[in-house]
1. Restrict the search to the range 26-58; then list the GluC sites (Glu not before Pro) that DSSP places in a loop and that have at most 12 other Cβ atoms within 10 Å of their Cβ.
2. List every residue whose amide H lies under 5 Å from the amide H of residue 195, counting only residues 5 or more places away in sequence or on a different chain, with H placed 1.01 Å from N in the peptide plane.
3. What order, most packed first, do the peptides 113-121, 237-245 have when packing is the mean number of other Cβ atoms within 10 Å of each residue?
4. When the Karplus curve 6.51 cos²θ - 1.76 cosθ + 1.60 is applied with θ = phi - 60°, which whole-Hz ³J(HN,Hα) does each residue of the range 9-17 get, with x for Gly and Pro?
5. Please give the contour-minus-distance gain from residue 46 to residue 178: 0.36 nm per residue of separation, less the Cα-Cα distance, rounded to one decimal in nm.
6. Show me 7-14, 161-168 ranked by packing, highest mean number of other Cβ atoms within 10 Å first.
7. Under the rule of at least 5 residues apart or a separate chain, name every residue whose amide H is placed under 5 Å from the amide H of residue 245.
8. Dividing the Cα convex hull volume of the range 59-201 by residue count, how many Å³ per residue is that?
Amino acid sequence: ETPPITPPTLSMEVGANTSPFQGKEGTIIASGRVRDRLYSETDNNVTLSVTKSETDAERSVIHARGELQLGILIEQMRREGYEMTVSPPRIITSICEETGKKLEPYEEVTIDVDTEYSGTVMNSLTSSRKGILLEMSDSSDGKTRMIFEVPSRGLLGFQSEIATATRGTAVVNHLFLENREYVGHIGGVEKGKIVSNDTGKANLYALANISKRGELFVKPGDLVYPGMVIGENAKAGDMEVNPVRSKETSNVRTVNKEDKLYVPPPKQWSIEELIGYMNEDEVLEVTPKSVRLRKAELDPGVRERAARTKKKQMMAAQNNKK
């Protein structure tokens, strides 16, 4: 018999580009054209399904088997001239008919890695990602094979993280197992972001100062706008900066006048890496020429009020538990 098709584990909303740079880099920008392209993809790929968003009539929801499959589709559309806004991925959950409990997909993950990195892999999957180690064996060529059972949520962003940690020596394969009871919160503290508060070209002088606060995603000359994520903050919480601010000119000589400015090379991201990296309050702007991470809400005042409301709700929830 033909084995059944593996069910989708991730969903993601895709719609027209809504950033300030809308229509400047792509040729196909209408939400209807984006939706038609997604539906045409399902004719050739039976593992994908597309539905209309329940919250926004202009957006469509893609159901797929992982961030790599989603990344390949979005990259393909980008090269065809489409501009899109992509929401963070969400795990497809269900409710058990017998118990009424929430269920989420689990996957069997097989990893072959150099033995010296086996501890790093084990710690990454069994701590914050809620994985369970089933089997571990060493081979004569210095490799270790480990088999885990991990919630699909725990695999978001794992590929890029483990590739960096093992210097590209890890080979990861995963296969859908079944739906099991929801295991609660997964992951550590959300990483803070460096967010632009102005529009224009990023300036060498401004980026040299900002780079001391964290890792940059842009280089001098790149176009930025308010609400665009231009780096990762070394500390928790988001930080608003002005990357287009230039040095004030004056005729007064100073000791530091001749200092050479240095900006480290920005971190380069693939689309599937950004899919696993972005937070709940962020979206991905995808155009034929650029892939930009930005806040879903560009207005800093609205974001600040939403953050305060969320904090109050979390504190109220903790007090109710006590």
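1. 54
2. Residues meeting the criterion, in which the H sits 1.01 Å from N, are 230, 239, 240, 241.
3. Final packing ranking: 237-245, 113-121.
4. Result, rounded to whole Hz: 10, 10, 10, 7, 8, 10, x, 5, 5.
5. Values: separation 132, 0.36 × 132 = 47.52 nm, distance 1.96 nm.
The residue 46-residue 178 span can extend by a further 45.6 nm.
6. 7-14, 161-168
7. 203
8. 182 Å³
The values are calculated or read from the model by the stated rules, or taken from the named source; none is laboratory data. Here the structure is a predicted model, which is why all the values come from computation and not from measurement. Quick reminder, even Gly has a Cβ in these numbers, built from the backbone with ideal geometry, and neighbours come from all protein chains shown. For accessibility, only protein heavy atoms count, side chains too; no ligands or nucleic acids. Shrake-Rupley method; radii C 1.70, N 1.55, O 1.52, S 1.80 Å.
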